[in-house]
Amino acid sequence: MMNYTRDTTLDEVQGLTVEELDYLYDDDANSIGMLLAHMVSVEKAYQIMTFENRDFTEEDIQLVNPAMDLGAPAREQIKGNSIEYYLAALEETRQHTIETFKKLPDSWLFEQQSFWWDLPANNYFKWFHVFEDELSHRGQIRIIKKMMSKVKN
């Protein structure tokens with residue numbers, strides 16, 4: 001499921017220019033580049049939470065932000081990058097995820113810890129959320145691309 005989600009995301013962004021990746025349809029919008037960086041940050045955050053089973057350090061927060069939180073800091077800092085930059089970051093992060101999955105027993109997927117609002121959640125659900133988040137943002141990417149095409153025409 002994660003591979004399918006990623007493949008369809010990659011199909012959606014192949015060949016985008018820096019200008020297209022940085023396009024903002026209004027002052028509060030996310031760009032496609034910001035959303036791709038966010039996907040990387042979400043996956044890194046879940047690697048920390050589930051593979052290392054620990055809380056975030058200040059260093060971790062610096063690693064995943066501003067892309068994790070998006071907003072104004074991300075608009076200021078996440079721009080000017082080529083599609084190759086984002087594709088490499090997505091690939092590197094996913095490679096680490098897949099390599100780690102291969103080392104873990106299937107039973108790890110069902111280990112539960114407190115999660116949102118201190119409710120129990122297993123690793124299977126947590127990783128479902130990683131690609132659920134990507135699916136949601138891919139929908140945003142499609143909308144942004146449609147908005148860009150209307151501006152170009």
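The values are calculated or read from the model by the stated rules, or taken from the named source; none is laboratory data. All of these numbers come straight from a predicted model, not from anything done at the bench. Cβ coordinates were reconstructed from backbone atoms using ideal geometry, including for glycine residues, and neighbour counts include every protein chain displayed. Note: accessible area is taken over every heavy atom of the protein model, side chains too, but ligands, DNA and RNA are not part of it. Shrake-Rupley method; radii C 1.70, N 1.55, O 1.52, S 1.80 Å.
Which is the longest stretch in the chain that no exposed loop site breaks, taking sites as GluC sites (Glu not before Pro) with a DSSP loop state and at most 15 other Cβ atoms within 10 Å?
Within the chain, the longest run free of exposed GluC sites (Glu not before Pro) spans 53-110.
Using a ≥ b ≥ c from the Cα gyration tensor of region 1-52 (square roots of the eigenvalues), is it rounded, prolate or oblate, where a/c under 1.5 gives rounded and otherwise the larger of a/b and b/c decides, a/b for prolate?
oblate
Under 13 Å from the 7 Å Cα→Cβ point of Phe101, by amide nitrogen: which residues of region 1-36?
Answer for this model: 1-7.
Could you report the chain's accessible area per residue, 1.4 Å probe, as an integer in Å²?
59 Å²
Students sometimes get this wrong: rank His38, His129, His96 by accessible area, probe 1.4 Å, all chains present, largest first.
Correct descending sequence by accessible area is His96, His129, His38.
If each Cα of region 1-115 is one equal point scatterer, what is log10 of I(q)/I(0) from the Debye formula at q = 0.13, 0.14, 0.15, 0.17 Å⁻¹?
Relative scattering, expressed as log10 I(q)/I(0), comes to -0.57, -0.65, -0.73, -0.90.
Take the residue pairs Lys126/Lys146; Lys44/Lys102; Lys44/Lys126; Lys79/Lys126 and return only those whose Cα atoms are more than 21 Å apart.
In this structure, Lys126/Lys146; Lys79/Lys126 exceed 21 Å between Cα atoms.
With just the Cα atoms defining each centre, how far is region 10-68 from region 74-102? Give it in Å.
Using only Cα atoms, the two centres lie 8 Å from each other.
Label-point separation (nm) for Leu10 and Ala88, each offset 7 Å from Cα along Cα-to-Cβ?
1.6 nm
Cα atoms only, region 58-100: Rg and Dmax in Å?
Spelled out, the Cα radius of gyration and Dmax of region 58-100 are 12.1, 34 Å.
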